[in-house]
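As structure tokens, the structure follows; a few thoughts come after it.
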Amino acid sequence: MPNKSLESISNALTSEQVFLEFLNRCIDEICGRKGPAYEVFKSSANWSLEEFKEFTKSIKIFFYEAVTKHWHKDELLENLDDLESSRQQLVLECLKIRKDEINVALQRDTCAISGPVLEDFDWSLKWVMGSSKLSSLREPLLTVDFHTSQGREKPTSISSETKPKINTVSLELDKQELKTLVSALQKAQDVLTSWQS
């Protein structure tokens, strides 16, 4: 970890259970959920807001680098030499349990660099029964909402909110437009499949 005063900061969290909770909140923030809040942890530790931010940032950078650089145990311990051994073991256990989750979040952020990423979609089918001018019109229309997002902030930031902004793109398609869309998506899938093989 980058700062040699981190041992005294981490020791401010006297309870190992509180320290473990703090580590999990840091990982939650990397994964796009709510991170550690100063108000929650200040009662368990005697540290300033600046120390809290510094320690949070250092822990998040450690987890980020440990996963992206595939550190082995010796490298992990070398980068945790600022902490006492019991705290090192808690960090290692936490990393072991949640490494896959961190990896998925980082891959998702990397994929999002190139542009919007599809998060989810909703669809509904309606029948247009006609209007005063076209009383005999009966046509099915498909409404599709694509929910897309951009990547999250890098874990080196101190902000407590890393959720991606969700944008919704809505389409209303008749039968022919739907066939065209499905055909285009199948072609895109075929291209991706050929790249993977």
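The values are calculated or read from the model by the stated rules, or taken from the named source; none is laboratory data. Just so it is clear, the structure is predicted and the values come from calculations on it, not from any experiment. Cβ sites come from the backbone with ideal geometry, for glycine too, and all protein chains shown count toward neighbours.
Points worth noting:
- For segment 151-173, a tally of residues being surrounded by 13 or more Cβ atoms within 10 Å (Cβ to Cβ) and either at pLDDT 75 or above or touching a strand residue (DSSP E or B) at 6+ places or on another chain (Cβ under 6 Å) (or both) returns 3.
- Hey, THR148 under 15 Å from the mean Cα position of the chain (by Cα), hydroxyl-bearing (Ser, Thr, Tyr) and modelled with pLDDT of 85 or more or not: yes
Conditions tested, residue by residue: (1) surrounded by 14 or more Cβ atoms within 10 Å (Cβ to Cβ); (2) at pLDDT below 90; (3) in contact with an Asp or Glu (Cβ under 6 Å, 6 or more places away or on another chain); (4) of a type in the set (Gly, Ala, Ser).
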position	(1), (2), (3), (4)
SER10	yes, yes, no, yes
GLU16	no, yes, no, no
CYS26	yes, no, no, no
GLU39	no, yes, no, no
LEU49	no, yes, no, no
PHE62	yes, no, no, no
GLU65	yes, no, no, no
LYS69	no, no, no, no
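- Here LEU106, LEU142 are screened, and the one residue that is part of a helix (DSSP H, G or I), under 26 Å from ILE166 (Cα atoms) and in contact (Cβ under 8 Å) with a residue 24 or more places away in the chain is LEU106.
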